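Reading through the structure tokens given below for one structure.
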Amino acid sequence: MKTVIFDFDGTLTKDTPNIWLKLWKKLGYRTDKDSYQHSLYKRFVNGEFDYKKWCDLSCNAFTARGLTKPMVEESAKETILINNVGKTFQALKDEGVYIQILSGSVDSVISIALQENANLVDNITANHFIYGKNDLLLAVNTNKNDFTGKAKYIQDYCTKTNTDVKDVLFVGNGNNDEWVSQSGCRTLCINPEGTDANNTRIWHNKILETNNLTDILPIAEKELSL
């Protein structure tokens with residue numbers, strides 16, 4: 001099965017902070033290098049705790065300041081997509097390509113941000129916010145398939161669907177996508193941030209700067225023999 005798997009933040013979005021950072025700011029927290037938010041990220045990157053704990057500690061900070069579902073949805077609607085997401089998705093669907101999103105964002109946020117384009121996506125795998133009374137955030141059902149988990153996700157997907165890993169193209173932009181190449185799939189870096197797009201061990205293709213998602217189509221055609 002020919003498949004294109006997209007990261008979300010920084011890949012399908014442009015000039016807009018990821019939802020986690022946006023929510024920290026919305027709740028009045030600092031996000032500079034000396035902030036609690038930044039220290040959690042550094043402690044995770046340095047291996048002090050795992051991805052789940054990082055998400056849980058962030059969630060605790062959000063609940064402490066009363067984050068609600070409407071606040072999350074409002075932030076999702078502020079997301080700026082890269083140009084021609086729908087046109088690109090439709091072109092891939094017309095070629096019989098299965099489209100997925102694999103992201104460290106939040107599933108509901110992705111669906112809201114994509115609007116009608118979400119109907120062209122076959123599967124979204126991301127973190128999931130759980131709400132309680134008065135729509136207050138209670139917990140995060142963590143997406144274990146971010147960072148190092150992205151490669152395993154693709155390998156498991158190929159096994160379950162009997163898909164040749166060479167028929168999978170992953171499109172991402174950041175350091176949390178760097179493990180994907182370990183799955184054996186083809187990779188494309190667009191608008192790189194925090195990753196070396198010239199590292200051909202990690203990224204087989206690159207588009208250093210674009211605001212038009214249709215720029216990926218010739219590469220998808222080449223890599224997937226469409």
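Since every read-out is calculated from the coordinates, none of them should be taken as a lab result. Because the structure is predicted, anything quoted here is derived from the model rather than measured. Heads up, the Cβs are rebuilt from the backbone with ideal geometry, glycines too, and the neighbour counts pull from every protein chain shown.
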Checklist entry - If you count, for each residue, the other Cβ atoms within 10 Å and average over each peptide, how do 36-42, 84-90 line up from highest to lowest? => result 84-90, 36-42
Next on the checklist: Rounding to the nearest 10 and keeping the result within 0 to 90°, find how far the Cα-based axis of helix 85-94 lies from the longest principal axis of the chain.
Outcome noted: 40
Checklist outcome for this item: Stokes-Einstein, Kirkwood over Cα pairs, region 43-166, 20 °C, 1.002 mPa s; D in µm²/s equals 131
Next on the checklist: Taking the alpha-carbon distance from Lys87 and a cut-off under 17 Å, which lysines remain once sequence neighbours fewer than 8 residues away in the same chain are dropped?
Outcome noted: Lys14
Item to check | Degrees separating the helix 36-45 axis from the principal Cα axis of the chain, which is the longest one | outcome: 40
Item to check | Leu120 versus Thr148: modelled label distance in nm, points set 7 Å from Cα along the beta carbon direction | outcome: 3.6
Checklist entry - When Met1, Met71 are ordered from fewest to most other Cβ atoms inside 10 Å of their Cβ, what list results? => result Met1, Met71
Item to check | Sparse-neighbour loop sites [GluC sites (Glu not before Pro); region 70-140; at most 14 other C-beta within 10 Å; DSSP] | outcome: Glu78, Glu95
Item to check | All-pairs Cα distance distribution in the chain, expressed in whole percent, bin size 5 Å | outcome: 1, 7, 15, 19, 20, 17, 11, 7, 3, 1, 0
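Viscosity 1.567 mPa s, temperature 4 °C: what is the translational diffusion coefficient of region 19-77 from Stokes-Einstein with a Kirkwood Rh over Cα pairs, rounded to a whole number of µm²/s?
Working: Rh = 11.9 Å.
For these conditions, the coefficient is 109 µm²/s.
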Checklist entry - Hey, could you pull the Cα Rg and Dmax for region 166-226, both in Å? => result 10.7, 31
Checklist outcome for this item: Per GNM of the chain with C-alpha springs under 10 angstrom, the most fluctuating residue out of Lys206, Lys52, Lys144 is Lys52
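Once you've got the Cα coordinates, tell me which of Lys69/Lys93; Lys93/Lys166; Lys2/Lys77 are over 25 Å apart. Each step should come with its number before you reach the end.
Values: Lys69/Lys93 32 Å; Lys93/Lys166 18 Å; Lys2/Lys77 31 Å.
Among Lys69/Lys93; Lys93/Lys166; Lys2/Lys77, the Cα-Cα distance tops 25 Å for Lys69/Lys93; Lys2/Lys77.
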Item to check | Residue among Gly174, Gly184, Gly47 with the largest mean-square fluctuation in a Gaussian network model of the chain, springs linking Cα atoms under 10 Å | outcome: Gly47
Next on the checklist: Which of Lys150, Lys77, Lys160 ends up with the largest GNM mean-square fluctuation for the chain, with Cα atoms connected below 10 Å?
Outcome noted: Lys160
